[in-house]
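First up is the structure itself, then whatever we jot down about it.
Bear in mind these aren't lab numbers, they're just calculated from the coordinates by the rules spelled out. Worth saying up front: this structure is predicted, and the values here are computed from it rather than measured. Here the Cβ positions follow ideal geometry from the backbone for every residue, glycine too, while neighbour counts run over all protein chains shown.
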Amino acid sequence: MYQWGKRSDGHQCRNSSTTLDLSITNQLVHGKFILAIQSPHDWRSGQNINLWQANMINNACPNGFRLPTETEKNEKSHCNCNCPADL
């Protein structure tokens, strides 16, 4: 399970270690899942919402892949087929 904006560093694995220490940098030196218990529940102290944008430092999508646009997501959710609800 990825934390929004974090790169693939091991934190996304189900058996990763956890920590309560928030990060002040965009890239971490450990692969721990950060338990952000206070609002806004961000793993980073000082949010940076641009970390997963195309060509940004922590883009988790492999080359050739991307997150769907809002339009694509909405079109998929309104299809007339037996699509799984989470597509």
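For region 29-45, putting each phi into the Karplus relation 6.51 cos²θ - 1.76 cosθ + 1.60 with θ = phi - 60° gives couplings of 9, 10, x, 8, 7, 8, 8, 8, 8, 10, 4, x, 6, 9, 5, 10, 7 Hz, in residue order, rounded to whole numbers and with x for Gly and Pro. Calculated from the structure, mean projected area of the Cα convex hull in nm² equals which of (1) 7.3; (2) 7.7; (3) 5.9? Calculated mean projected area of the Cα convex hull in nm²: the matching label is (1). If you take the charge dipole of the chain about its Cα centre, with +1 on Lys and Arg Cβ and -1 on Asp and Glu Cβ, which of LEU51, SER16, THR71 is farthest toward its positive end? Of the candidates, SER16 comes out farthest on the positive side.
Fewest Cβ neighbours within 10 Å first, please rank TRP4, TRP52 accordingly. If you can, show how the numbers build up before the last one.
Details: TRP4 14, TRP52 19.
Result, fewest neighbours first: TRP4, TRP52.
Explain nothing, just the number: dipole magnitude of the chain about its Cα centre with +1 on each Lys and Arg Cβ and -1 on each Asp and Glu Cβ, in debye rounded to the nearest 20. It would help to have the intermediate numbers written out before the result.
On the way: 8 positive and 7 negative charges, 39 e Å.
Dipole about the Cα centre, nearest 20: 180 debye.
For GLN47 and GLU72, a Förster radius of 22 Å and the Cβ-Cβ distance give a FRET efficiency of 0.30, rounded to the nearest 0.05.
Dividing the helix sum by the residues of the chain, where each DSSP H run of 4 or more adds -39500 (n - 2.57), gives a mean residue ellipticity at 222 nm of -2500 deg cm²/dmol.
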